[in-house]
Amino acid sequence: MPKRLKHIAQTAPGLSKVLFENDKVRVVELTVEKGSKADKHHHPLYFVYALTPFEYTSIAESGRRDRRKMEAGEIDWRDGESHSAEFLAPGRALVVELK
C-alpha cells in the first residue's frame, strides 16, 4: 500500500462499516448521502457491489475526476487505486478488497 494510506473505513467512519476482515479480504458496507465525502484512501485489488443505485466521483491523486454510476446489483472491478470520493446521490454498496 503506497505510503501506508488508510482504507475507506478509517477515513470515512461515518459512512462505512467493516463487516468482515481477515488476512485475505476486507468487506466494507458504505451507506452514503448526497454530498458525503470520503477523504483520500487506498484500495488494493477490489470490487464494489451496488446494493442500491450508487453514484460518485472518484478523485485520483493526480486530480483526475472520474464519475462512476452503478445500478443495484451491478459489480465494478478495480485493479486498486488511491483516491478520494464525493457521493452524488444517496446509496448503499459493499466494497470487497483483496489483500
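Read-outs: derived from the displayed coordinates by stated rules, not from any lab. Every value quoted in this text rests on a predicted model; they were computed, and no experiment measured them. Here the Cβ positions follow ideal geometry from the backbone for every residue, glycine too, while neighbour counts run over all protein chains shown.
On the given criteria, is Thr31 of a type outside the set (Phe, Trp, Tyr) and more than 11 Å from the chain's Cα centre (by Cα)? Reasoning before the result, please.
Working: of a type outside the set (Phe, Trp, Tyr): yes; more than 11 Å from the chain's Cα centre (by Cα): no.
It is false that Thr31 is of a type outside the set (Phe, Trp, Tyr) and more than 11 Å from the chain's Cα centre (by Cα).
From the list Gly73, Gly35, which residue is of a type outside the set (Asp, Glu), within 23 Å of Gln10 (Cβ to Cβ) and out of contact with any helix residue (DSSP H, G or I) (no Cβ under 7 Å at 6 or more places or on another chain)?
Details: Gly73 fails: within 23 Å of Gln10 (Cβ to Cβ).
So the residue among Gly73, Gly35 that is of a type outside the set (Asp, Glu), within 23 Å of Gln10 (Cβ to Cβ) and out of contact with any helix residue (DSSP H, G or I) (no Cβ under 7 Å at 6 or more places or on another chain) is Gly35.
Considering only residues that are among the β-branched types (Val, Ile, Thr) and under 17 Å from Ser82 (Cα atoms), which ones fall in the stretch 5-26? Write out each step before concluding.
Narrowing the stretch 5-26 to residues among the β-branched types (Val, Ile, Thr): 8, 11, 18, 25.
Across the stretch 5-26, the qualifying residues are Ile8, Thr11.
Sort out which residues of the stretch 41-61 are of a type in the set (A, V, I, L, M) and surrounded by fewer than 20 Cβ atoms within 10 Å (Cβ to Cβ), and write them in order of number. Please lay out each step first, then the result.
Of the residues in the stretch 41-61, the ones of a type in the set (A, V, I, L, M) are 45, 48, 50-51, 59-60.
Selection gives Leu45, Leu51, Ile59, Ala60.
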Just for the stretch 62-73: of the residues that are charged (D, E, K, R) and in contact with a Pro (Cβ under 9 Å, 6 or more places away or on another chain), which one is surrounded by the fewest Cβ atoms within 10 Å (Cβ to Cβ)? Glu71
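For the stretch 1-85, list the strands (runs of 3 or more DSSP E) that sit wholly inside it and hold at least 2 residues that are in contact (Cβ under 8 Å) with a residue 40 or more places away in the chain, charged (D, E, K, R) and closer than 11 Å to Val95 by Cα; which are they?
Numbers: elements: 16-21, 25-32, 37-43, 46-50, 54-60, 65-70, 75-78.
The strands (runs of 3 or more DSSP E) meeting that bar are 25-32.
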